[in-house]
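Heads up: the structure comes next, in structure tokens.
The values are calculated or read from the model by the stated rules, or taken from the named source; none is laboratory data. Model, not experiment: these values are computed from the prediction. Note: ideal-geometry Cβ built from the backbone for every residue, glycine included; neighbour counts use all protein chains shown. Ligands, DNA and RNA are stripped out before the accessible areas are found, and what is left, the full protein with its side chains, is counted by its heavy atoms. Shrake-Rupley method; radii C 1.70, N 1.55, O 1.52, S 1.80 Å.
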Amino acid sequence: MVTPTTNPATSSPAEAGVLDAVIIGAGFAGMYQLHTLRDRLGLSVQVIEAADGVGGTWYWNRYPGARCDSESHSYCYAFSEDLIKDWEWSERYPEQPEIIRYLNFVADRLDLKRSIRFQTRVTGAAYDETANLWRVTTDDGARISARYLIAAVGCLSTANVPQFPGLDTFEGDWYHTGLWPHEGVDFSGKRVIQIGTGSTGIQAAPVIARTAGHLTVMQRTPNYSVPARNTPLSAEFRQWVKDNFADIKRTMRGNTNGHAFTIQDRSAFDVSDEERLAIYEAAWEKGGLQFRASFRDILTSKEANDTAAEFLKQKIREIVKDPETAARLADIDHPYAAKRPPIDTDYFDTFNRDNVDLVDVRADPIEAITPTGVRLRSGVEHAADIIVFATGFDAMTGSLLRLGITGRDGLSLSKAWEAGPRNYLGLQVAGFPNMFTVTGPGSPSVLCNMPVAIEQHVEWIADCIAYMRERGIEHIEARDDAADGWVEQVNEAARATLLPEAHHSWYLGANVPGKPRVFMPYAGGMARYREICDEVAAEGYEGFSLT
Ligand code: NAP
């Protein structure tokens, strides 16, 4: 928990107009970080946000079918009983507009917007060693100085639009799902090509297919998916959540993935073949991400994983009527959940529609965009009025690197991370004093239900700053040896799982050509990570230099 301080002003910077902290980003992370620093610690704080509203990744991702894969009662702030009490989710999985409404509700309730500078992009942030301050510049010409810089830019916020030759010649319209127009897109009667079948593409295709004249889904890597089984929430369930939130919170904070379900403590081989099948069948009927919690060893034993993988491939073959399409969809080359496992509403069934085709762009890759469509290496051209790029993100590092951050001695973050992200606990980079990243690479972040990971980081950072101020400490910096040790722990944690076996996963940076291949999130589990961070703090911030 954040320690409130009544007399925080032990080290007010001497320069006039200097803030205590600048936070970049007004999504889940930036909003809560603002609340902890401004309202609990009494600091002067400015949030800088490129969008004209709060929401972060949810502000930009307005594509058809955009909905959270975490269940609504777990996809929210847990730090405040009042917020839990006064908000009602309508469905099992919240849709994008509802999440934006929720975040506005929180922002208004906590009076956050007055400290957020909207429609402003950070163009640079440089550490001034003499003054021990961060000098932040923005695209509207502002120059802001602050003691602490906190990057709360999200893990999935820099769109990855593949550099296909000819995109600029396309005469139709094209969109990336992560930069979707606010007014929506009318697909009625249009020939649509969707490139990408990750979590986003799997959500979007069924919705686009409903109105498009024709939808061609271009699949490079086939993917598993489990039905979401979305449904409106009953009044009884909503009341149950409010009455039991303390237990729900304990579950979310005490397990590896931050969700409100527990991973079964049994191996896939503790049960007979028939029992295992019945367990998978029940999990399939229940739907959602907890399918992977059916057995404790799904992500650690290839043999256990194979049982889940085969079950899910068989489901595809049963749902999709055309055997050739079914075979292409089920030709999955990685262990189940080694890439982020999607959940869906009618994804595989969408390929039974007359107006939907599947094209295998692994066998026949996209060569160019032409004025009228997409041309494959074989020379086959698919015509389109609209191209939808569901091609993901320059994940975890992309948004941090484009901030133009330089640390001590003019070291740029891109130089420091030339060979891949290297930091301590996912929280601080050596050479970048007083700068923190929320759910950065090296933290559980994307392997966890995000709000749970975010709350832990935000509270740890706020506690750390409070600790420093109480002791007159003005400078905190991750030590090089601690960062090296942590990178090794991140690698070790990944190696203990099947996650690195998905060679083309964005967890490894493999989706962006030229990006260093390093397993980025910490796979040792949120609960273990929380313990490590708590131990580091209890030992007087071991691994950091404090001066
Ligand atoms: P993604 O998982 O990276 O998927 C991108 C898709 O585009 C993949 O199928 C990829 O193929 C394909 N692709 C990329 N470049 C391509 C190219 N040059 N040619 C052909 N195909 C190409 O991105 P995403 O679906 O946007 O999801 C990213 C993450 O966002 C998810 O894993 C999840 O963490 C989060 N997300 C969450 C939700 C939710 O909670 N509801 C919804 C959507 C997304 P390869 O696999 O071969 O690279």
* Square roots of five times the Cα gyration tensor eigenvalues for the chain, Å -> 39, 27, 23
* Asked: Of all the stretches in the chain, which is the longest one without any exposed loop site, taking chymotrypsin sites (Phe, Trp or Tyr not before Pro) in a DSSP loop (any state but H, G, I, E, B) with at most 14 other Cβ atoms within 10 Å?
  -> 270-547
* Asked: So which lysines pass the test for LYS415, namely a Cα distance under 24 Å, with those fewer than 8 places away in the same chain ruled out?
  -> LYS515
* How far, in degrees from 0 to 90, does helix 302-319 lean away from the longest principal axis of the Cα atoms of the chain, to the nearest 10? -> 50
* Helix-only mean residue ellipticity at 222 nm for the chain, each DSSP H run of n ≥ 4 adding -39500 (n - 2.57), per residue, nearest 500 -> -9000 deg cm²/dmol
* To do: Could you tell me how many degrees, from 0 to 90 and to the nearest 10, lie between the Cα long axis of helix 199-211 and the main elongation axis, the longest principal axis, of the Cα atoms of the chain?
  => 50
* For an R0 of 60 angstrom, estimate the FRET efficiency from the Cβ-Cβ distance between SER234 and LEU411 and round to the nearest 0.05. => 0.65
* Might you work out the accessible area of LYS249 for me, using a 1.4 Å probe with all protein chains in place, and round it to the nearest 10 Å²? => 50
* Using the alpha-carbon centroid of each, what span in Å lies between the range 231-265 and the range 324-385? -> 36
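Mind listing which trypsin sites (Lys or Arg not before Pro) in the range 454-507 are in a DSSP loop and have 16 or fewer other Cβ atoms within 10 Å?
Passing sites in the range 454-507 are ARG471, ARG479.
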* To do: Find the accessible area per residue for the range 226-389; the probe is 1.4 Å, ligands and nucleic acids are left out, and the unit is Å².
  => 47
* Asked: Taking all protein chains as present, what is the carbon and sulfur share of the accessible area of the range 226-389, in % to the nearest whole number, probe 1.4 Å?
  -> 49
* Asked: For the Cα atoms of the chain, what angle does the longest principal axis make with the long axis of helix 273-286, in degrees from 0 to 90, nearest 10?
  -> 70
* To do: Would you rank ILE386, ILE263 by solvent-accessible area, highest first, keeping every protein chain in place and using a 1.4 Å probe?
  => ILE263, ILE386
